[in-house]
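A.B. asks: Would you mind keeping the following structure in view while I ask a few things?
The values are calculated or read from the model by the stated rules, or taken from the named source; none is laboratory data. Note that the structure is predicted; figures quoted are calculated from it, not measured. Virtual Cβ from ideal backbone geometry, glycine too; neighbours counted across all protein chains shown.
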Amino acid sequence: MLVKVILKKAVTGVGGPGTVKAVSDGYARNFLFPRGLAEMATPEKIEALESLQLVSTQKISEQREEFASIFNAPDKINLVFKRKATSTGKLFAAVPLTEVVSELGEKFTFDVTPEMLVIEEPIKSVGEHNVKIILSPDLFGEFMVTVEKE
């Protein structure tokens, strides 16, 4: 006998989180439910899951639109950091990606993580540094990080 379940976590060979699957009754009772991997799919839970997925999809599309409008604009973003540096322009400490992420987070509504940022080399000198940001494989952009001497 098959029962419908909603997966809470990824299960190899079955599906990912938020997936509604029909599995055998014994597999659900003896494996999925005790380990907290799934829950019984009632009509109310399926409806709630669908509405949650719709909201999530809308949020993602809004973030993609905002991202595209920001990073494809002719006047690119330029984040400015003031740091202590030597007379030759070398910084005493590199500008960490976490600071760049927090600065971006203050300016925009979409979530940015350090994993999204790609830099050629660590930011360890005064001047302009080009940083690439990748939201998804088909959506990416660039911005500048300017480091000024304190």
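A.B. asks: Phe71 versus (1) exposed (fewer than 11 other Cβ atoms within 10 Å of the Cβ); (2) in contact (Cβ under 8 Å) with a residue 12 or more places away in the chain: which is the lone unmet condition?
C.D. replies: (1)
A.B. asks: Quick one: which residue in Lys82, Lys76, Lys45 is more than 17 Å from the chain's Cα centre (by Cα) and in a helix (DSSP H, G or I)?
C.D. replies: After ruling out the rest, the residue left standing is Lys45.
A.B. asks: Kindly list, by first and then second residue, each pair from a residue in segment 21-32 that is touching a residue at least 60 places away in the same chain (Cβ under 8 Å) and surrounded by fewer than 16 Cβ atoms within 10 Å (Cβ to Cβ) to a residue that is small (Gly, Ala, Ser) and assigned to a helix (DSSP H, G or I), limited to pairs with Cβ atoms under 6 Å and residues at least 6 apart or on different chains.
C.D. replies: Correct list of pairs: empty, since none qualify.
A.B. asks: Quick one: in segment 127-141, which of the residues that are surrounded by fewer than 17 Cβ atoms within 10 Å (Cβ to Cβ) and modelled with pLDDT of 85 or more is nearest to Pro114 (Cα to Cα)?
C.D. replies: Taking the candidates together, the pick is Lys132.
A.B. asks: Looking only at segment 122-150, which residues are among the charged types (D, E, K, R) and more than 25 Å from Ala68 (Cα to Cα)? Spell out how you get there, then give the answer.
C.D. replies: The first filter runs over segment 122-150 and keeps only residues among the charged types (D, E, K, R), leaving 124, 128, 132, 138, 142, 148-150.
Selection gives Lys124, Glu148, Lys149, Glu150.
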